[in-house]
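A short worksheet on the structure shown next.
The values are calculated or read from the model by the stated rules, or taken from the named source; none is laboratory data. Since we're looking at a predicted model, the values are computed, not measured. With ideal geometry, Cβ positions are generated from the backbone for all residues, glycine too; neighbour counts draw on all protein chains shown.
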Amino acid sequence: MFAKLAESLSLIVPAGSGILGENVRAKLGKQGYIVSPAYDWFFFIGSPLLALGLGLLLAGSPIDRDSALFDYDKSILDFLLGAFIFAHLVIVIFRSHLNRKIFNLYPMRFTLIPLVLLLCMGLSTHVLVFCSVLVTFWDVYHSGMQTFGLSRIYDGRAGNDWKAGRGLDIWLNILLYAGPIAAGATLMDHVEDFYEFEEIGALFFTQIPVYAESNASYLSWAVITVGSLFLVYYLLRYWQLYRQGYKVSPQKVVLLLSTAACSIYAWGFNPFGMAFFIMNFFHALQYFAIVWWAEKGNMTRVIGAENKSWGKPAAFGLLMTVGFGYGFWVESAEVNDSAWLYAFFLLISLMHFWYDSFVWSVAKKQV
C-alpha cells in the first residue's frame, strides 16, 4: 500500500519511467502544479489541513500522554514531533552544501560564518542566550516565508512576473503566522523565552512577557484591526493586478486559505494544546517534500548512483537517515550538560533559517 502511495505521489520514481515522463511534466507545469497534482495536494496545498486533522485526532491519545520513551520527560508524541522538526532543519545541507551550483555561489556563508557563530555562542553566554531567543521568533518569520515561497512558485507556474504582488504576499504570510500568535492563546508560550535573559542579567528583556500578558487584549484588537484592513487592501491590490493581466493560481489561493485556517485555529485557539504539533508538522512535511523534489537528482549523483535503478530509493533513504538521525540525536541529547552542544544545535537552526532565505530564489530561477 505504501509503495503505491509513494508512486502516486512521485516520491521514488525512477528516471525515464513512464509514470511521470517529460510530456506529463510539461502538461502538469501548464496546469500550475510544482510536481504533480497528487504530490502538491498532499505535501504542499493540503498539508496544513492534514496536520490540523492529525493533531486533533492524536490529542489525548496514548502517545500524547505516555512518556515512557528513553526516559524522556515529555510524551512520545512530543519526542517524535521534536525529532521531525529537527530532522527538517538539518536536511537543508542537501541544498546548501551538497548542491555544487548553490555552494559555489556562497562558499563563505556555508563555511566560515557558521564556524565563527559557533565559536561566539560557545565562548559567550550573552551570544548564546541572544541566539536562543532569536530562534523562537525567527522560526515564526521563517515559517511564513516558506508558505510565501510556495505561493510565489505557483504564481510563476501560472505565468506571472515574479515581482507581481511580491511585497503583498510577504506581508500576508507574516500576518498569517505572526498575527494569530500575537492575538491568540499561544502568545505567552512565545514571549516567555525572554526570561532566558535572566541568565545574563539583562532584566529589561525579562519585562517583555509581563508587559505582553498585561496588554494581551489590546494587542489582540490591534492585530485584528490592522489585519482586517490589510486583507481588504491585499484583495483590492490583487484585483487591480488581475485587471492588468495577473493570472490567478488556484493552487496558490487554496494554499493560502488552508494555511490561514490552520494558523488561526491552531495559534489563535490552541485546541487541546496541539498548536505546536499542527503548525510544525505541516511545515516540516512541506520542507521534506521540497528538498526531495529539488535535490533527488543531485543526491543520486552524490552517492554515485545516477541513472541506477536503485539510485532514487537509496537517495531517499539517505535523506531520511540523515534527517531523522539528527532529529533523534537532538531529542535524546542532554543539552544542559554542554553549552557547546546546545550551541551546535542552535547553529543548525539558525543556518537553516538563514540559508532558506537565499538558496530557493524564485527571482534567480533556482527553483
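Where helices (runs of 4 or more DSSP H) sit wholly within the range 47-137, those with at least 1 residues that are under 19 Å from Gln286 (Cβ atoms) and either touching a Leu at 6+ places or on another chain (Cβ under 8 Å) or modelled with pLDDT of 90 or more (or both) occupy 47-58, 76-90, 93-96.
Yes/no matrix, rows are residues, columns are (1) modelled with pLDDT of 90 or more; (2) among the β-branched types (Val, Ile, Thr); (3) out of contact with any Pro (no Cβ under 9 Å at 6 or more places or on another chain):
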position	(1), (2), (3)
Tyr287	yes, no, yes
Val291	yes, yes, yes
Ala294	yes, no, yes
Gly297	yes, no, yes
Asn307	no, no, yes
Val322	yes, yes, yes
Phe328	yes, no, yes
Glu331	yes, no, yes
Asp337	no, no, yes
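For the range 302-316, residues that are over 20 Å from Arg100 (Cα atoms) and either among the basic types (Lys, Arg) or in contact with a Gly (Cβ under 9 Å, 6 or more places away or on another chain) (or both) total 1.
Here Thr136 meets the list (1) crowded, with 20+ Cβ neighbours inside 10 Å; (2) touching an Asp or Glu at 6+ places or on another chain (Cβ under 9 Å) almost entirely, failing just condition (1).
For the range 220-270, a residue qualifies if it is of a type outside the set (Lys, Arg), closer than 17 Å to Ala158 by Cβ, outside any loop (DSSP other than H, G, I, E, B) and in contact (Cβ under 8 Å) with a residue 12 or more places away in the chain, and the qualifying residues are Tyr238, Leu241, Pro250, Gln251, Val254, Leu255, Leu256.
If you scan the range 242-252, which residues turn out to be surrounded by fewer than 17 Cβ atoms within 10 Å (Cβ to Cβ) and in contact with a Gly (Cβ under 6 Å, 6 or more places away or on another chain)?
Scanning the range 242-252 gives a single hit, Lys247.
Yes/no matrix, rows are residues, columns are (1) assigned to a helix (DSSP H, G or I); (2) closer than 21 Å to Met274 by Cα:
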| position | (1), (2) |
| --- | --- |
| Trp162 | no, no |
| Leu168 | yes, no |
| Ala178 | yes, yes |
| Val210 | yes, no |
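Taken over the range 41-64, residues that are under 18 Å from the mean Cα position of the chain (by Cα) and of a type in the set (A, V, I, L, M, F, W, C) amount to 10.
Residues checked against (1) small (Gly, Ala, Ser); (2) at pLDDT 95 or above:
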residue: Leu168; (1), (2): no, yes
residue: Gly179; (1), (2): yes, no
residue: Val191; (1), (2): no, no
residue: Phe194; (1), (2): no, no
residue: Ser220; (1), (2): yes, no
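Restricting Gly201, Gly167 to those that are loosely packed, with under 13 Cβ neighbours inside 10 Å and either under 25 Å from Ser357 (Cβ atoms) or touching a strand residue (DSSP E or B) at 6+ places or on another chain (Cβ under 6 Å) (or both) reduces the list to Gly167.
Right, Arg152: surrounded by 15 or more Cβ atoms within 10 Å (Cβ to Cβ), closer than 27 Å to Val254 by Cα and basic (Lys, Arg) or not? Against the criterion (surrounded by 15 or more Cβ atoms within 10 Å (Cβ to Cβ), closer than 27 Å to Val254 by Cα and basic (Lys, Arg)), Arg152 qualifies. Just one of the listed residues (Pro271, Pro209) is in contact with an Asp or Glu (Cβ under 8 Å, 6 or more places away or on another chain) and over 30 Å from Ala164 (Cα atoms), and it is Pro209.
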